[in-house]
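**Student:** Got a structure for you, questions after.
The values are calculated or read from the model by the stated rules, or taken from the named source; none is laboratory data. Since we're looking at a predicted model, the values are computed, not measured. For neighbour counting, all protein chains shown are included, and Cβ atoms are generated from backbone atoms with ideal geometry for every residue, glycine included.
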Amino acid sequence: MPTSTESPSTNASAYFEIGAVSKITGLSPNTLRTWERRDFIEASQRSETGRRRYSQEQVERLALMKRLTNMGDSISSIAPLSLEDLRNRLLEYETRQTERNVTKSVTNKINIYTIGRTAKTWADVLPDQFQIVDPTNSEPDLLLVDLDTTTIECRRRVSVAALEHPGVPIALIYDYAPSELLRQFSTDGRFLIRIPCSPELLAHYLTAALSNASHQADPTVQGNIDFVSAPRIFTDKQLATIAASNPNLKCECPHHTSALVASLASFENYCRRCEIESPKDKEVHEYLGREISKARAIVEDALLYLCQKDNLVIPPDEQ
């Protein structure tokens, strides 16, 4: 493991304690301690009170390691690298991204690989500038991952995506998701987009994600459900299509109403996941699920009425 060569007699101002290092690099104090415990890093020295102190060179190393792990490298693979090797590794990733951007500007197409059914549903209604690709045939410019599943599966999806497509920006879409999970992904530098939103706004967010910007802005699983919910009139695909349509009415009511239905349906599914992940609160989530289901059915009836009045063509159920 490469370590700094500074002498302990060096002026203390040249060193940073763990709190400052955390703020500079974006790595939590717990992560820094874990990496040290696993011999991935080592503090240059300790203060008289036993606090870890890191040199300027180590802080740069940690910042590089943070960026590289976000891009898909495992910490164990990059920890042995020298500072110069870490810089070159990051430069290699940035060069690849620049090449992708150049290719994209020539073709004027953004290739998206979707992970999760909800991600596919929303990608289908994006403007023609975006196209869904199979990564076995075309290299994606962006990964669109939905968080419409359990917490464990969400983490697995994102980890696997980062490992299989190093350096490719990842955008995460959600409606309802645990705040702890969202904070973790935000800290990891993932681009978060809350749905439902208009296809134009989603396209804007995805374009920003390609620039590795950050944005803090739950879509649908078919699991075992204990509460009886009202049958759905509209599928997620149909709602997304209505949201992308051009209404004849001189207002945005069909768009807003379809977004409301989608959000209520997402919350129903969130309640189902909560039942599984928090068994002791099952009764609470069963009640919430039933009541939200009733509300969703009422709003769906209103949306159906709007579609009929506006002569909006509802696409067939392709699920």
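**Student:** Just need a number here: residues in the range 10-60 that are more than 26 Å from the chain's Cα centre (by Cα) and polar (S, T, N, Q).
**Tutor:** So the answer is 10.
**Student:** For the range 259-283, give me each residue that is more than 29 Å from LEU201 (Cβ to Cβ) and out of contact with any helix residue (DSSP H, G or I) (no Cβ under 8 Å at 6 or more places or on another chain).
**Tutor:** Passing the criteria: ILE276, PRO279, LYS280, GLU283.
**Student:** Write out, first by first residue and then by second, each pair whose Cβ atoms fall under 6 Å of each other, whose residues are 6+ apart or on separate chains, and whose first residue, in the range 178-202, is in the same structural domain as THR31 (by TED's automatic domain parsing) while the second is of a type outside the set (Phe, Trp, Tyr) and crowded, with 18+ Cβ neighbours inside 10 Å.
**Tutor:** If the second residue must be of a type outside the set (Phe, Trp, Tyr) and crowded, with 18+ Cβ neighbours inside 10 Å, no pairs are left.
**Student:** Picking from VAL102, VAL125, which residue would you name as being under 22 Å from the mean Cα position of the chain (by Cα) and either outside any loop (DSSP other than H, G, I, E, B) or at pLDDT 85 or above (or both)?
**Tutor:** Just a single option satisfies the conditions, and that option is VAL125.
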